[in-house]
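Accompanying notes for the structure given below.
Any read-out appearing in this document is the output of simple, stated calculations on the displayed coordinates, not a laboratory observation. Predicted, not measured: the structure shown is a model, and the values here were computed from it. A quick note on method: Cβ atoms are made from the backbone with ideal geometry, for glycine too, and the neighbour counts reach across all protein chains shown.
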């Protein structure tokens with residue numbers, strides 16, 4: 001998620017529309033399978049640790065991190081994935097006349113997902129501090 005904020009989206013934002021469509025489709029084919037697996041793995045492991053951690057502070061923090069991490073795929077499924085799938089169907093050299101650039105809205109939702117994911121990471125790191 002951080003990679004899309006630091007490099008992917010800033011790159012998308014400066015591209016002409018036709019090159020953006022091509023780049024978005026290219027990146028989506030690579031990120032779409034990997035990110036959900038990582039995030040769902042995080043949610044599952046946080047849930048396990050929320051029940052099995054040896055102290056209440058760590059359990060509460062793992063539960064909070066799991067909730068933060070769980071919101072990320074919800075946003076992805078509802079807001080980002082439909083745009084990603086649509087972008088893969090477009091021909092960058094023959095965009096529809098009524099094409100509306102999705103970058104502003106897609107980028108805003110992607111930023112929200114990134115902040116939630118980074119917050120989950122920070123909370124997980126704090127929870128680990130209780131276990132060390």
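As a rough guide to protection, the peptides 114-127, 93-106 ranked by mean Cβ packing within 10 Å, highest first, stand as 114-127, 93-106.
Considering every Cα-Cα pair within region 4-75, what fraction, in whole percent, is farther apart than 17 Å?
57 percent
Given an 8 Å cut-off on Cα distances and at least 6 residues of separation, report the relative contact order of the chain as a percent.
Rounded, it is 37 percent for the chain.
Note on residue 48 and residue 105: the model spin-label points, each 7 Å out from Cα along the C-beta direction, lie 3.8 nm apart. Kirkwood radius and radius of gyration were both taken over the C-alpha atoms of the chain, and their ratio Rg/Rh is 1.09. Per DSSP H run of n ≥ 4, the term is -39500 (n - 2.57); total these for the chain, divide by its residue number, and report the mean residue ellipticity at 222 nm rounded to 500 deg cm²/dmol. Calculated mean residue ellipticity at 222 nm is -26000 deg cm²/dmol. Binning the C-alpha pair distances of region 72-118 at 10 Å intervals from 0 yields a P(r) profile of 25, 49, 21, 5 %, listed from the shortest bin outward. Which angle between 0 and 90 degrees, to the nearest 10, do you get for helix 56-75 versus the longest principal axis of the chain when only C-alpha atoms count? The answer is roughly 10 degrees.
As I understand it, the value is the acute angle between the Cα axis of helix 103-131 and the longest principal axis of the Cα atoms of the chain; what does it come to in degrees, rounded to 10? It is inclined by approximately 20 degrees. Binning all Cα-Cα separations of region 30-108 at 10 Å, short to long from zero, yields these whole-percent fractions: 16, 35, 23, 15, 8, 3. Extension gain, residue 125 to residue 89: 0.36 nm times the residue separation minus the Cα-Cα distance gives 9.0 nm.
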